[in-house]
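Can you read through this structure? Questions will come right after.
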Amino acid sequence: MKDEEWSNFCHTIDQIYQSTKFIDDGHVADYIPQLKKANPNLYSISVYTLDGREYHIGDSEYNFCIQSCSKPISYLLALEEHGLEYVSNHIGKEPSGCKFNSFRFNDENKPFNPLINAGAIMACSLIKSKERDDLRFDHIMNTWKQIVGENNVEFDNTVYLSEKLTAYRNTALANIMMENGIFPEDTDIEKTLQLYFQACSIKMNTKALAKCAAMLCNGGIIDSKKVFSSEICKYILCIMYQSGMYDYSGRWGFDIGLPAKSGVSGAIFTVIPNFGGICTFSPRLDKNGNSVRGVRFFTELVKYYKMHMFDQFSSNMESKKISINNETIYDIGTNKSYKELETHLLKSGEDINKTDYDGRSLLHVLMDEKKYDSVFVLLKNNANYKLKDRWGNSLDNKQCIKIKIVLLYYFKYKMTLKSYFSRWK
Ligand code: GLU
């Protein structure tokens, strides 16, 4: 994004913030005693883009407990550990059409999806279930730290205790699921609920949650680290799109058209494909349990910017291609010399591990084009040679061994890579 476009965008965020900050409709959630104490006037908006730009306004340093915004990450952790097939034996992928804490289950007596309470409790039962309680929570916390930064996550013990003390409904839900026999064998309900309440009591600010949304937008990569595979990110984004906003999800998908997750503490984090993430926080909720100002903010935003996913539906494929500095990965791979890669791309701070719709990174394209000098430059800059494309190809197989040997020879005999590779065939 050009600097001018970015500053116009930030200006628009500012304007919408100013025009929505006086809305005082709605009520702070009160069914968890500690949530009742929230200051209803807090309001912040944070933006985190794929090219690493950030913009924050309002109380963006204020840490709140994330409540249901923890659910997408708990589901991803379960998926990462067990794979989709196993997890789907326990949690469905359909919108529920019921309240988030409803006692209704699908035809197989399973939770409809991982974003309602029953589904999130089930997801927690699947996370490192054989480990000690402290290690299980550590695993969730460490994942959040990887996403948003070591010092940007806290735990709210008072919310945790308060939720645990009043957890009549969630305990009932877990008992019904136990009665239905859908938990994995040997599940300890009490420990499972404990982990679920702990995940809901994790605290951070809108800066951090916007970064989490950007990670999901970027196929699981943030700060050049792969936290989750792009495949499972795609799964949770689908579910967020259809079920992330409580009983407003259908209307949200229609009007706003973006995957999002809302929590009863007043946060909404939203993923904007090919752009990044935006998070709002304001504790007053509407009758559906979504932040009033948050919903209004996004409703206004999509009037200014065509961010609705289906706004792009009619445009040609060209505009859908994933780009690095506005050039497609394929074009960079085929047209740029290794010198250009060194002087422009690597210095621009862009993520050189971005992948296109086929999961192909620059390294994949360069190998196909036999541009080994460029491959060399990327590997020297720690490009991830383990990334698999849609067909499961990575350079982490024999090709990569070739490259490593070539690098050794290169240093030893200073021979040109091209001449080396031409001998190989
Ligand atoms: N911990 C809350 C509960 O179980 C989460 C609710 C939410 O944010 O939707 O009720």
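Yes or no: I147 touching a Cys at 6+ places or on another chain (Cβ under 8 Å) and aliphatic (A, V, I, L, M)? Lay out the reasoning, then the answer.
Values: touching a Cys at 6+ places or on another chain (Cβ under 8 Å): yes; aliphatic (A, V, I, L, M): yes.
Considered against the rule, which asks whether it is touching a Cys at 6+ places or on another chain (Cβ under 8 Å) and aliphatic (A, V, I, L, M), I147 comes out as yes.
Follow-up question, since we're still on this one. Among (1) surrounded by 22 or more Cβ atoms within 10 Å (Cβ to Cβ); (2) assigned to a helix (DSSP H, G or I); (3) in contact with a Lys or Arg (Cβ under 6 Å, 6 or more places away or on another chain), there is one condition I147 misses while meeting the rest; what is its number?
Unmet condition: (3).
What pairs can you find where one residue is in the range 177-203 and without any contact (Cβ under 8 Å) to a residue 24 or more places away in the chain, the other is within 13 Å of the ligand (Cβ to nearest atom) and of a type in the set (V, I, T), and their Cβ atoms are less than 9 Å apart, with a gap of 6+ or different chains?
Final answer for the pair search is I189/I121; I189/T171; E190/T171.
So which helices (runs of 4 or more DSSP H) are wholly in the range 194-290 and hold at least 1 residues that are of a type in the set (D, E) and either at pLDDT below 95 or away from the ligand (no atom under 15 Å from the Cβ) (or both)?
On the way: elements: 206-217, 230-243, 249-255.
Correct list: 230-243, 249-255.
Inside the range 126-143, can you point out the residues that are in a helix (DSSP H, G or I) and either more than 16 Å from the ligand (Cβ to nearest atom) or loosely packed, with under 15 Cβ neighbours inside 10 Å (or both)?
In the first step, residues of the range 126-143 are kept if they are in a helix (DSSP H, G or I); the result is 126, 133-143.
Passing the criteria: L126, D133, D134, L135, R136, D138, H139, M141, N142, T143.
Just one of A78, A118, A123 is away from the ligand (no atom under 16 Å from the Cβ), surrounded by 14 or more Cβ atoms within 10 Å (Cβ to Cβ) and in contact (Cβ under 8 Å) with a residue 40 or more places away in the chain; which is it? Walk me through it before giving the result.
Numbers: A118 fails: away from the ligand (no atom under 16 Å from the Cβ); A123 fails: away from the ligand (no atom under 16 Å from the Cβ).
Result of the check over A78, A118, A123: A78.
Follow-up. Could you check the range 354-425 for helices (runs of 4 or more DSSP H) lying wholly inside it with 1 or more residues that are over 16 Å from S337 (Cβ atoms) and modelled with pLDDT under 70?
Details: elements: 362-368, 372-380, 398-413, 417-424.
The helices (runs of 4 or more DSSP H) meeting that bar are 398-413, 417-424.
Okay, moving on. Would you be able to tell me the number of residues in the range 6-35 that are more than 16 Å from the ligand (Cβ to nearest atom), within 20 Å of V292 (Cβ to Cβ) and not β-branched (V, I, T)?
Total meeting the criteria: 9.
Every residue in the range 151-167 that is surrounded by fewer than 19 Cβ atoms within 10 Å (Cβ to Cβ) and either away from the ligand (no atom under 11 Å from the Cβ) or among the basic types (K, R) (or both), please.
Restricting attention to the range 151-167, the residues satisfying the condition of being surrounded by fewer than 19 Cβ atoms within 10 Å (Cβ to Cβ) are 151-152, 154-155, 157-158, 161, 164-167.
Result: N151, N152, E154, F155, N157, T158, L161, K164, L165.
Given the residues N89, N39, which is the only one that is surrounded by fewer than 20 Cβ atoms within 10 Å (Cβ to Cβ), more than 16 Å from the ligand (Cβ to nearest atom), polar (S, T, N, Q) and in contact (Cβ under 8 Å) with a residue 60 or more places away in the chain?
Details: N89 fails: in contact (Cβ under 8 Å) with a residue 60 or more places away in the chain.
Unique residue meeting the criteria: N39.
The values are calculated or read from the model by the stated rules, or taken from the named source; none is laboratory data. Predicted, not measured: the structure shown is a model, and the values here were computed from it. Positions of Cβ are backbone-derived with ideal geometry, glycine not excepted, and every protein chain shown enters the neighbour counts.
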